[in-house]
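Q: Below is one structure. I have some questions about it.
What follows draws every value from the coordinates through simple rules; no lab data is involved. Predicted model, so just to flag it, every value in this text is computed and none were measured. No Cβ is skipped: glycine too gets one built from the backbone with ideal geometry, and neighbour counts run over all protein chains shown.
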Amino acid sequence: MLLGLLLARAGVQVVVLEKHADFLRDFRGDTVHPSTLEIMHQLGLLESFLKLPHRRMHELRVRMGNTEVPVADFSHLPTKCRFLALMPQWDFLNFIATEARRYPTFALRMRTEATGLIEEAGTFVGVRAQGPDGPIEVRASLVVGANGRQSELREEAGLEIESLGAPMDVMWFRLSRLPDDRPQAMGTFDRGRILILLDRGEHWQVGYVIAKGSLEQIRGAGLDAFREAIAQLEPFARERLREIQSWEDVKLLTVRIDRLRQWYRPGLLFIGDAAHAMSPVGGVGINLAVQDAVAAANVVAEPIRQGRLTTGHLRRVQRRRELPTRMTQRLQILMQELIVRPTLGLRFERVRTPAVEGIRAEEERVPVAVE
Ligand SMILES: Cc1cc2nc3c(=O)[nH]c(=O)nc-3n(C[C@H](O)[C@H](O)[C@H](O)COP(=O)(O)OP(=O)(O)OC[C@H]3O[C@@H](n4cnc5c(N)ncnc54)[C@H](O)[C@@H]3O)c2cc1C
């Protein structure tokens, strides 16, 4: 969506396809980091963006046993906003879509699912899609796969996916928040368990981190055992855990970390989770996807307008984004292996990420927003 906005703003004709009828997806990527707020600032959108309901976090703290430790402090960043904004992803996406619609070159087609790529003479020239009124074809000088970590278009394009694994999944649910609730640590590591607690104003968003593959065992032990395990970590929530009335109230989100070896083919580029699925560790996934969009817009907008886009431009987008992606994934894997895995009592595995050396960051400084 952000790439659509940036390209439309640069005078490029854009069609964004979204398979769902809305952006209402709970428990996904609500942490808007200072880097993304900086981009909103550069686009002149920060003031109206911050009018949307959000919570500000100036630092992140976790509790390990009885000790509370700060893990992130945003107050020293050289950015306009020195805090993280917790904002529902649908508000963020609706905001960007509204801004993008101001440009006559932007079109958003909801309930339209890309079902296949159109390839002619070795170049991708569009997508086939299923819309509300039946099948359509959209032809374009560049197709961008920004359709998340389950993107099937990657296999169709013959791109190789490197899976880096993740030892855990997350069970998410909500608990009501009372006006006199004290601020809580964002994460609790204790008694062989990990709990994430996000203050969403009127409710707590709670993530219970479990060993991958242990869902059936946890369900088999029953809801009472589940509630008790959480109450032991957060006694203040004990009574409220009755709000979880059935497993329907608890959503499992599977975690995985992977990446494409090559993010592009002639006429086709993948960005965001489709190019590199991120773990929820650090809550950085949407912010990396946003940065990919900015880098891509900076590289491709002008060549598209002038009709001289080449595969070299797409290679440049990957080169620009690959180092931060690899470094972030490596950190996520290290945290998974050194903190999550031992806390959950899982066997230690060798950290499998290939080293980041050998990846060249581009020397040239690319402007961060498209003017
Ligand atoms: C449990 C969990 C918790 C997370 N928590 C956080 C967090 O707190 N903060 C954070 O920054 N990141 C978090 N992440 C990571 C974050 O969700 C992703 O990194 C981020 O959403 C990637 O953005 P994206 O735009 O690339 O893909 P997505 O957000 O997955 O968006 C892809 C879009 O494409 C649409 N789509 C898919 N296929 C098609 C198709 N064929 N045609 C048309 N449309 C299609 C989808 O409906 C979707 O709207 C979390 C991930 C997990 C698994």
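Q: In segment 128-160, how many residues are part of a strand (DSSP E or B), of a type outside the set (S, T, N, Q) and without any contact (Cβ under 8 Å) to a residue 60 or more places away in the chain?
A: The total comes to 7.
Q: Answer yes or no as to whether ALA166 is near the ligand (Cβ under 10 Å from one of its atoms), under 30 Å from ALA225 (Cα atoms) and small (Gly, Ala, Ser).
A: Here the answer is yes, as ALA166 does meet what is asked.
Q: For segment 207-250, name all the residues that are exposed (fewer than 15 other Cβ atoms within 10 Å of the Cβ) and touching a Phe, Trp or Tyr at 6+ places or on another chain (Cβ under 9 Å).
A: Listed by number, the residues that qualify are GLU243, ASP249.
Q: Turning to a different aspect of this structure: Is at least one residue of segment 70-93 surrounded by 14 or more Cβ atoms within 10 Å (Cβ to Cβ) and within 26 Å of ILE304 (Cβ to Cβ)?
A: There is at least one residue in segment 70-93 that is surrounded by 14 or more Cβ atoms within 10 Å (Cβ to Cβ) and within 26 Å of ILE304 (Cβ to Cβ).
Q: Is it the case, given these coordinates, that ALA293 is within 16 Å of the ligand (Cβ to nearest atom), surrounded by 15 or more Cβ atoms within 10 Å (Cβ to Cβ) and under 20 Å from the mean Cα position of the chain (by Cα)?
A: For ALA293, the condition - within 16 Å of the ligand (Cβ to nearest atom), surrounded by 15 or more Cβ atoms within 10 Å (Cβ to Cβ) and under 20 Å from the mean Cα position of the chain (by Cα) - is met.
Q: Does any residue in segment 161-172 that is buried (at least 19 other Cβ atoms within 10 Å of the Cβ) come within less than 7 Å, Cβ to Cβ, of a residue that is of a type in the set (Asp, Glu) six or more places away or on a different chain, and which pairs are these?
A: Once the first residue is buried (at least 19 other Cβ atoms within 10 Å of the Cβ) and sits in segment 161-172, its partners that are of a type in the set (Asp, Glu) give LEU164/ASP258.
Q: While we're looking at this one, here's another question. Collect the residues in segment 34-50 that are without any contact (Cβ under 8 Å) to a residue 12 or more places away in the chain and farther than 16 Å from LEU93 by Cβ, keeping them in residue-number order.
A: Within segment 34-50, GLY44, GLU47 qualify.
Q: Given the condition within 9 Å of the ligand (Cβ to nearest atom) and of a type in the set (Asp, Glu), answer yes or no: does some residue in segment 125-138 qualify?
A: No; the residues of segment 125-138 include none that is within 9 Å of the ligand (Cβ to nearest atom) and of a type in the set (Asp, Glu).
Q: Across segment 268-281, what is the number of residues that are out of contact with any strand residue (DSSP E or B) (no Cβ under 8 Å at 6 or more places or on another chain) and more than 8 Å from the ligand (Cβ to nearest atom)?
A: Residues meeting the conditions: 1.
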